Every structure is written in structure tokens, then in C-alpha cells.
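What follows is a single structure, written as C-alpha cells, with notes after it.
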Amino acid sequence: MVAKMLPRSWISACVLVLLLSLHPRVHAFYLPGTFMHTYSPGEVISAKVNSLTSIETELPFSYYSLPYCKPLDGVKKSAENLGEILMGDQIDNSPYRFQVNVNESVFLCTTDPLTKEQAELLKRRARDLYQVNMVLDNLPVMQFTEQNSVIIQWTGFPVGYNPIGSNEDYITNHLKFRVLVHQYQAQGDVVVTSEDGVAMVESDRKSGFQIVGFEVVPCSVRRDPESMSKLKMYDKVDSVNCPLELEKSQAIRENERITFTYEVEYVKSNIKWSSRWDAYLKMDGAKVHW
């Protein structure tokens, strides 16, 4: 039953993980075609977006089938290695930009007034529990929540939500990212190998920061579209707390203009690059989305 709930790409990934775990000489999970990358402070990298998926349906949809902000240089297919091809249904570039080890809160865009069709589509995707799947340095974004004093984690974040007792649907339009980074000091050529001496992953041989975790807290925040529309993409905005009050959240309505913003916090971590997938492999399969 669990396998039936999961997208084809996740099943392919599970097969890959199983094969690797059965190999007695392999010490760490990695994605084929990927390599250890170290980033300099302030270096700019962009997140990628995968297909929208839901445990309620087996139908994936393109991220840009919804009225989300688009990159300044246009939407482009962005699967760059075998690992991303195995993990992804449709991987595209995104406007979400990260400056390594730079905490910031920025503006992305304000949409045109939603048409009736766009509003209905957003509501439908939210009610069908569709998740946005985002990837940074080959790591899917992870969300945490607490239920009955137990921390539950899964990848992705919801398109929106419909609170119990409310006639309104609300969109996720502000993202609070937390990027875990490991400070790496190069000591000559570094190659991660299996015991039989076969090279698996090679570093790019420089000191800097390695991304070892990618987390998100999704929020719905109502903003003044008139004042926000004066901003340009990546202009700075104030950091916000996720509002609990529905009147401060962004409802999905025809003719409503929606502002998208995000903020990034970097946190130093002792997790090593070779162990950064451990948290994902320990997750409950039914909670994983790609």
C-alpha cells in the first residue's frame, strides 16, 4: 500500500538506495553523478524545483503550472546528473537564490490579480495536499512538525491549506529556510571510495562550506500588494514570524494579488558531507515526496 502511494521517481530512488545498501563495500549513500562541492562565503547558488506531488493522487504537475514567481532568465530544465534524473519527474530552475553563509530576507514577486481559473486551481491543489518539492545542492528541502509530542519530518512543503471550520483556502507564500553548513578545510586531494578502491565521489579540493541540511518552515503571510509591487526581485524585506491568525494569512481569492518572499538562515553543523543523507534515509516512506 505504501508503494502505491509514492511517485514513480521515489520508487526508483528506493531501488537505488536498496542496491547501494546491499553492497557490502559501500559506506555512504550518494547520488550518481554528484560530487562533494565546497562553496565560498557569499557564493550564489540557486534552488531547483521538482514536480508537485501528493500522497492523495499519483498525478504529478509541473511547478510552473501554478502562478509562482519565475526566474529572471526564464524557466529552464535543470536536471544535471543521473541522481537528479532518478529523483525527479520534472526538475526546473527557480528564482530562489542563496548566498552562502549570508542570512537575508528578500522579495521575489507580486503576481497579477488571480484569474478565476488560477484561484480555483490553487485551491484544488491545496485541498488535494499537493507539496512543493525543492532541491538545494541535490538535497530535498525538509519540513518538521510536532504531533502528540513526536517530531515528524518529510520532504517538501504544502502549496496551501484549508483550516478546519474555514471557508477559505490559504497559500504558502513566505518560506523560512534553514541551511545547515559544514565548514570544510581542504587537505589535498580528497576522494571518497569503497573498500575495493573504486572512486565514488571526489571533492573540488578547496576549503569552504558544504551544504549538509536544507530545512523549511512554510508560512502564509498577507502583504500589501501595492507597496510590495514597488520592489524588485531580491530587494530586502523585513523578516516575519509565521502568523497564526487567519486574518494575517494570505487567502486564495479571485482578483487577489499574492506576494512571494523568503528568508534564509545559515547554521554551522558537525554533520559531514558523506552523512548528510542519513536523515532522509531514516524517514517514514509515506512521508517522503519528490
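The values are calculated or read from the model by the stated rules, or taken from the named source; none is laboratory data. This one's a predicted model, so the numbers in the text were calculated from it and none came from an experiment. Because the Cβ atoms are built from the backbone with ideal geometry, glycine has one as well, and the counts that use them run over all protein chains shown.
Quick look at the numbers
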| quantity | calculated |
| --- | --- |
| Flag if ARG124 is surrounded by fewer than 21 Cβ atoms within 10 Å (Cβ to Cβ) and either touching a residue at least 40 places away in the same chain (Cβ under 8 Å) or not basic (Lys, Arg) (or both) | no |
| In segment 139-161, the residues that are of a type outside the set (Phe, Trp, Tyr) and touching a residue at least 40 places away in the same chain (Cβ under 8 Å) | LEU139, PRO140, VAL141, MET142, GLN143, ILE152, GLN153, THR155, GLY156, PRO158, VAL159, GLY160 |
| Residues of segment 246-284 that turn out to be assigned to a strand (DSSP E or B) and among the basic types (Lys, Arg), as a count | 1 |
| Whichever residue in segment 224-245 is modelled with pLDDT under 95 and among the hydrophobic types (A, V, I, L, M, F, W, C) and, among such residues, is nearest to the chain's Cα centre (by Cα) | CYS242 |
| Residue tally, condition part of a strand (DSSP E or B) and touching a Phe, Trp or Tyr at 6+ places or on another chain (Cβ under 6 Å), over segment 45-70 | 5 |
| Qualifying residues in segment 162-179 (those that are part of a strand (DSSP E or B) and either without any contact (Cβ under 8 Å) to a residue 40 or more places away in the chain or touching a Leu at 6+ places or on another chain (Cβ under 9 Å) (or both)) - the one farthest from ARG223 (Cα to Cα) | VAL179 |
| Candidates VAL221, VAL217 - the one that is at pLDDT 95 or above and in contact with a helix residue (DSSP H, G or I) (Cβ under 8 Å, 6 or more places away or on another chain) | VAL221 |
| Filter result (surrounded by fewer than 14 Cβ atoms within 10 Å (Cβ to Cβ) and either under 29 Å from ILE55 (Cα atoms) or of a type in the set (Gly, Ala, Ser) (or both)) within segment 249-274 | GLU254 |
| Total residues in segment 81-111, condition more than 21 Å from ILE211 (Cβ to Cβ) and either of a type in the set (S, T, N, Q) or modelled with pLDDT under 95 (or both) | 4 |
| Positions within segment 204-242 being crowded, with 18+ Cβ neighbours inside 10 Å and either without any contact (Cβ under 8 Å) to a residue 40 or more places away in the chain or in a loop (DSSP other than H, G, I, E, B) (or both), in sequence order | SER220, VAL221, ARG222, ARG223, VAL237 |
| Failed item in (1) at pLDDT 90 or above; (2) surrounded by 15 or more Cβ atoms within 10 Å (Cβ to Cβ), with GLN183 passing the rest | (2) |
| Check on SER54, modelled with pLDDT of 85 or more and within 14 Å of the chain's Cα centre (by Cα) | no |
